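The values are calculated or read from the model by the stated rules, or taken from the named source; none is laboratory data. Please read all numbers here as calculations on a predicted model, not as lab measurements. So basically every Cβ, Gly included, is an ideal-geometry build from the backbone, and we count neighbours across all protein chains shown. With ligands, DNA and RNA removed, areas are computed over all heavy atoms of the protein, side chains included. Shrake-Rupley method; radii C 1.70, N 1.55, O 1.52, S 1.80 Å.
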Amino acid sequence: MSSYPDSVSEIELSNVHKAFRLDGRLVTALGGVNLTARSGEFVVLIGPSGCGKSTLLNIICGLMEPDSGEVLLDGRPVQNRTGLLGYMLQKDLLLPWRKVLDNVILGPEISGLDRKAARQEAERLMPHFGLEGFEHSYPATLSGGMRQRTALLRTFLCRRNAMLLDEPFGALDALTRRGLQEWLLDVWSQFRQTILFVTHDVDEAVYLADRVYVMTSRPGRIKLELNVPLPRPRSRDMITSTGFADLKKQLLVSLETE
Amino acid sequence: MKVEENQAASAQTTDSSSVANLRVPLGTRPLRLLQRYAPPLVLMLSLFIAWQVGTWLTQVPKWLLPSPWQIIVAGVEASDLLGPHTWQTLKETWLGLGLSLVVGLALALVMDFSALLRRTLYPLLVASQTVPILALAPLLIIWFGYGILPKVIVVALVCFFPIVVSTADGLRVADPDLVALLRAMGANRRQIFFKVRLPGAVPSFFSGLKIAITYSVVGAVIGEWVGASRGLGIFMIRSSKNFLTDRVFAAIAVTSILSIIMFVAVVILERCLLPWYYAHREDVWEEV
Ligand SMILES: Nc1ncnc2c1ncn2[C@@H]1O[C@H](COP(=O)(O)OP(=O)(O)OP(=O)(O)O)[C@@H](O)[C@H]1O
Ligand SMILES: [Mg+2]
C-alpha cells in the first residue's frame with residue numbers, strides 16, 4: 001500500500017560539496033555533508049539561515065549536481081533523479097492561472113495519470129488542508145498560509161515514497177501549523193513515506209522527527225545527529241515532558257553555539 | 001485535532017462570508033462605472049465644446065478648420081461613400097493583423113526554441129522597424145500591384161513587431177523556480193512549456209497585441225495613401241485635394257473610432273481569457 005512505482009524511499013548523502021560563484025567570489029554552500037534517511041523514516045534538518053539546506057534538497061532531488069560527493073537513492077547512485085522524489089520548495093510556487101483544485105493535481109498530470117480521478121481525490125482531501133470552499137479560487141486571492149497548504153497538498157498528491165519538505169509550515173500561524181503537523185504525522189503513519197523536513201523551529205523538529213540533523217552555518221556541514229526516542233504516536237502532552245525538553249535543549253545549545 | 005479542525009472550519013466560513021459581504025449590490029454598479037469613465041468623457045466633451053466655440057467665435061472658414069458639428073454633418077452626408085471605404089480599410093486591417101499574428105507568434109516560438117536563432121533574428125526584427133513605412137509602401141505597390149496585398153503587408157509590418165517582442169519576452173521571463181519545481185516533478189521540456197511558460201506568457205502577449213491593434217488601422221490608411229482605389233486613406237487624399245476638409249476630419253474620426261473599438265475588444269477578450277490575471281485580493285477591496 002505504501003509503494004508507488006518509479007519512486008525511491010532511501011536517501012543517502014556522502015561527503016557532498018557544493019559551491020556557487022557569486023559576483024566572481026566562490027561561496028561554499030555545502031562543505032561535505034553526510035546524511036541518511038532510511039525507508040519510512042521522518043528526518044528533520046535544522047540549521048541557521050543560509051547554511052545550505054535548500055541547496056541540499058535541490059541536490060537530492062536532482063535539480064543540481066554536487067561538486068563532489070555522492071547521492072545514493074535506494075543505495076544506488078542515480079544519474080537522472082528528477083521526478084523520483086516529492087519536493088516542496090520554500091516558495092509556494094502555485095501556478096497563478098490555475099485554480100486551487102487544478103494546482104494540486106499538477107503531479108498526477110505530469111505523470112500522465114487520469115485528471116478526473118486526481119481531482120476527486122484532491123477534493124476529498126481539501127477539508128484536511130483547510131482548503132474546503134476554495135477549490136475554485138485563484139492563488140492570488142488566497143492568504144499566504146492557504147497558498148502554502150495548497151503547495152503541501154500538491155506535494156502530497158505527487159505520491160512519492162520519499163518527500164523533501166522545505167519549511168512547509170514556515171508561513172503558518174501556530175494553530176494551523178499544529179493542525180498540519182498532526183495531519184502530516186497521521187498521513188505518514190499510514191503511508192510511511194520517507195520524509196526529509198527542513199525547519200527553523202526546534203519544537204517542530206523534536207515533535208515530528210525520528211532523527212534530527214543540525215547543520216553548521218556556511219559552509220554547511222552536519223554538526224549534530226540527534227535521535228528522538230519519544231514513542232509514537234506522538235501527542236501534544238509530550239511537549240511538556242522532561243524527555244522532550246531535554247532533546248529540545250540539546251538542539252538549542254547546538255544551534256546557539258553557531 | 002478535532003477542535004482545531006472545527007476552528008479552522010469556522011474561520012473559513014467567516015472568511016468566505018466576509019468576502020461575500022464585500023460584493024457590492026448591483027444597484028451601485030452604474031455609479032462605479034460612472035466614477036471610472038466620467039472623467040475622460042468630461043475631458044473629451046469639453047475639448048470638443050471648446051473647439052466648437054472657438055471655430056464659431058473666430059469664424060474660421062470650413063475648408064481651413066471645420067467645427068466638430070460640421071464634421072459630424074459631413075460624415076453623415078458622405079456616409080454612402082464612407083461605408084464601403086471603411087469596410088475596405090477594415091478588411092485590410094484584419095487580414096494584416098491576422099498575418100502579423102501568425103508570423104509574430106511563429107517567430108516568437110522560434111526565438112524561444114533556440115538562443116542562437118534569437119540572437120540571429122533580433123537585430124533583423126529591429127531593423128525591419130527602422131524602415132520608413134512611407135518609403136516602403138510605394139515599393140510594395142511596384143512589387144505587388146494595386147490590390148489589397150501591399151496594404152495587408154504594411155499593416156502586418158507595423159503590427160508583428162510588438163507581438164513578437166512581447167510574446168518572446170513573456171516566454172523568456174518564466175519564473176525559474178516554477179520551472180525548477182516542474183523539473184523536480186519529472187516534467188519534460190514540452191510539459192514545462194505548455195504548463196508553465198506558455199500560460200505565463202499570455203498576459204505579455206496581450207500587451208503586445210494592444211499596441212499592435214492601436215497601430216493597425218493607421219497602418220492600413222498609410223498603405224492606402226500611396227495608391228489605392230478604395231479605403232479611408234484614399235478617401236482622405238481625395239477629400240483634401242478638393243478642400244473638403246470636413247470630410248478629411250470625418251475619415252480621421254472613423255479611423256480613431258475603429259481603433260478604439262478594436263482596442264476595447266481586445267481588452268474585453270483579455271479580461272475573459274485571463275480571469276486569474278485580474279483576480280487579486282485588492283480588487284475585492286476596490287469594490288467597497
Ligand atoms: N543558485 C544559486 N546561485 C548562487 N548562490 C546560491 C544559489 N543557491 C544558493 N546559493 C547560496 O548558497 C547559500 C545557501 O543557500 P540556501 O538557500 O541553501 O540556504 P538555506 O539554508 O536554505 O537558507 P534559509 O533557511 O534562509 O532558507 C547561500 O549563501 C546562497 O546565497
Ligand atoms: Mg532555504
What helices (runs of 4 or more DSSP H) completely inside the range B:124-220 contain at least 1 residues that are among the hydroxyl-bearing types (S, T, Y)?
-> B:149-172
Which of (1) in the same structural domain as A:N103 (by TED's automatic domain parsing); (2) touching a residue at least 40 places away in the same chain (Cβ under 8 Å); (3) more than 21 Å from A:I110 (Cβ to Cβ); (4) open to solvent by 30 Å² or more (accessible area, probe 1.4 Å) does A:G170 not meet, given it meets every other one?
-> (1)
Test: A:A37 is away from ligand 1 (no atom under 16 Å from the Cβ), away from every other protein chain (no Cβ under 14 Å), on the phi < 0 side of the Ramachandran plot and open to solvent by less than 30 Å² (accessible area, probe 1.4 Å) = yes
Unique match (being within 14 Å of chain B (Cβ to nearest Cβ) and near ligand 1 (Cβ under 10 Å from one of its atoms)) among A:T55, A:T28 = A:T55
Could you please let me know if A:T242 is touching a Cys at 6+ places or on another chain (Cβ under 7 Å) and either of a type in the set (V, I, T) or within 16 Å of ligand 2 (Cβ to nearest atom) (or both)?
-> no
Of everything in the range A:70-92 that's basic (K, R) and within 10 Å of another protein chain (Cβ to nearest Cβ), which residue is farthest from A:F197 (Cα to Cα)?
-> A:R81
From the residues in the range A:29-42 that are part of a strand (DSSP E or B) and more than 16 Å from ligand 2 (Cβ to nearest atom), which one is farthest from A:A19 (Cα to Cα)?
-> A:F42
Mind listing whichever residues of the range A:175-196 are of a type in the set (A, V, I, L, M, F, W, C), assigned to a helix (DSSP H, G or I) and either surrounded by fewer than 20 Cβ atoms within 10 Å (Cβ to Cβ) or more than 10 Å from chain B (Cβ to nearest Cβ) (or both)?
-> A:L175, A:L184, A:L185, A:V187, A:W188, A:F191
Give the residue that is nearest to ligand 1 (Cβ to nearest atom), with candidates limited to residues of the range A:134-174 that are aromatic (F, W, Y) and not in a helix (DSSP H, G or I).
-> A:F169
What single numbered condition from (1) within 14 Å of ligand 2 (Cβ to nearest atom); (2) of a type in the set (S, T, Y); (3) over 16 Å from the mean Cα position of the chain (by Cα) fails to hold for A:S54?
-> (3)
